[in-house]
């Protein structure tokens, strides 16, 4: 039996899972991908459970993906719109969260512009699970999990796909400084044994990468592309001011964008990933985004199945108290 | 089912200690041959018949039944694999995890479905399987074949084809493998 004894109660960062937990999420995701292919892509697994999405930051795909995942598990979904809530009347985050928990919500899926907010929320509440859907520059664990799932799928799936992570060269290009996705990706790829190289202008690297489980840092994308098995692109986060860290978008594209010329340097089997939203013509050329090697829409459809697996593993795995029925 | 019991009954990872062998490998083989004749007799011609093995113990039995049916009637029977984890009624009461991916690549509408499992116990797995199967089409009929019926039903479910009726204590365990059927106890690690 390949399973973790107890799946974590919260999902705040990739480190909560470890390599066993990641493997378990990916394994269970296979079952939900199958569910997604059916005429009725819904299972009764989480009937009677309620999850709330609490997004303090704009998001379309992550929120819709989580809500679709919860509905396909037959959970009830409460979409908490911060703009029209008591937060605007001055209610504190803690009071908001405690109010939501008092309504009997089983899981709170939270996105917040401040790093560490989900961790703080997890400390305040007593029963509900907290799932981090992106916090500041810190982490976005489910995005990294769906990247891994997409890569594993392309590598043949199953245990065979898992084993190939150990010899994988992953290149992450872009605004790593401001990217929570990059932090989750680095932790996740490293947990499975892949060698991660970060490629960015010095200004878009974090102030310190001491202790990051990476193989290398590079400022020259052309040198890294020929040996890459996975190229994961990141957007310049203008809302976090990353425009001020490069002289111009055009210069960024010239030096770090995945242009058609650079895509031609890749091995034929190399995967191109982008967590979205992508800005065509800046970090990725439009014709590159539409190449068969680009698994960007595959990432989106896998996202629902991965989030179903995360919700099912967190909410469906209460400890077995007093039950041994088969 | 034996595998499921082993992995899900507390303490997890408990070890099965056999006490008595109740069916030999050739007993199981003869039972499969008999059950395939019964299936053929009841579903004259085997038109629209499909077998669905329940993860994990029912899958090899479904394949053996299909091979036996082919030998008896000369008809190739489609075999599917079903994991009922997401349909169980004890999610949240104990760890429930899918063992493998469901694989039913044919429409069940109008088909006669024979669910195949190794051990029939409380009937809850079959209840879940009936709900799961309905997602793949409206079957003409659903029947149930099990190698061992060990009693202790908690739901109004009965098998159509049985390898062996085996009276057991609730806390015993029945293990069905290629080598036969053993009865024994579950011992914590």
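Scanning segment B:124-152 for residues that are within 24 Å of residue B:180 (Cβ to Cβ) and either more than 10 Å from chain A (Cβ to nearest Cβ) or in contact with a strand residue (DSSP E or B) (Cβ under 6 Å, 6 or more places away or on another chain) (or both) yields B:126, B:144, B:145, B:146, B:147, B:148, B:149, B:150, B:151.
For segment B:81-100, filtered to residues that are in contact with a strand residue (DSSP E or B) (Cβ under 8 Å, 6 or more places away or on another chain) and surrounded by fewer than 22 Cβ atoms within 10 Å (Cβ to Cβ), the residue that is farthest from the other protein chains (Cβ to nearest Cβ) is B:81. When residue A:38 is tested against (1) within 14 Å of chain B (Cβ to nearest Cβ); (2) in a loop (DSSP other than H, G, I, E, B); (3) closer than 30 Å to residue A:190 by Cβ, exactly one condition is not met: (3). Selection of segment B:101-123 for residues being part of a loop (DSSP other than H, G, I, E, B), at the interface with another protein chain (Cβ under 8 Å from one of its Cβ atoms) and touching a strand residue (DSSP E or B) at 6+ places or on another chain (Cβ under 9 Å) yields B:101, B:102, B:121.
On the given criteria, is residue A:94 within 19 Å of the chain's Cα centre (by Cα) and either facing another protein chain (nearest Cβ under 9 Å) or surrounded by fewer than 16 Cβ atoms within 10 Å (Cβ to Cβ) (or both)? Taking the combined requirement at face value, the residue does not satisfy it.
Inspection of segment A:97-107 identifies at least one residue that is more than 14 Å from every other protein chain (Cβ to nearest Cβ), without any contact (Cβ under 8 Å) to a residue 24 or more places away in the chain and part of a helix (DSSP H, G or I). Among the numbered criteria (1) within 22 Å of the chain's Cα centre (by Cα); (2) surrounded by fewer than 19 Cβ atoms within 10 Å (Cβ to Cβ); (3) part of a loop (DSSP other than H, G, I, E, B), which single criterion is violated by residue A:236? Of (1) within 22 Å of the chain's Cα centre (by Cα); (2) surrounded by fewer than 19 Cβ atoms within 10 Å (Cβ to Cβ); (3) part of a loop (DSSP other than H, G, I, E, B), only one is false for residue A:236: (2).
A residue that is in a helix (DSSP H, G or I), in the same structural domain as residue A:194 (by TED's automatic domain parsing) and without any contact (Cβ under 8 Å) to a residue 60 or more places away in the chain cannot be found anywhere in segment A:270-285. For segment A:175-222, the candidate set comprises residues that are touching a strand residue (DSSP E or B) at 6+ places or on another chain (Cβ under 6 Å) and either in the same structural domain as residue A:114 (by TED's automatic domain parsing) or part of a loop (DSSP other than H, G, I, E, B) (or both); within that set, the residue that is modelled with the highest pLDDT is A:194. Within segment B:151-172, one or more residues are more than 17 Å from residue B:34 (Cα to Cα) and not in a loop (DSSP other than H, G, I, E, B).
The values are calculated or read from the model by the stated rules, or taken from the named source; none is laboratory data. Note that the coordinates shown come from a computational prediction; the quantities given were computed from them, not determined experimentally. Cβ atoms come from the backbone with ideal geometry, glycine included; neighbour counts cover every protein chain shown.
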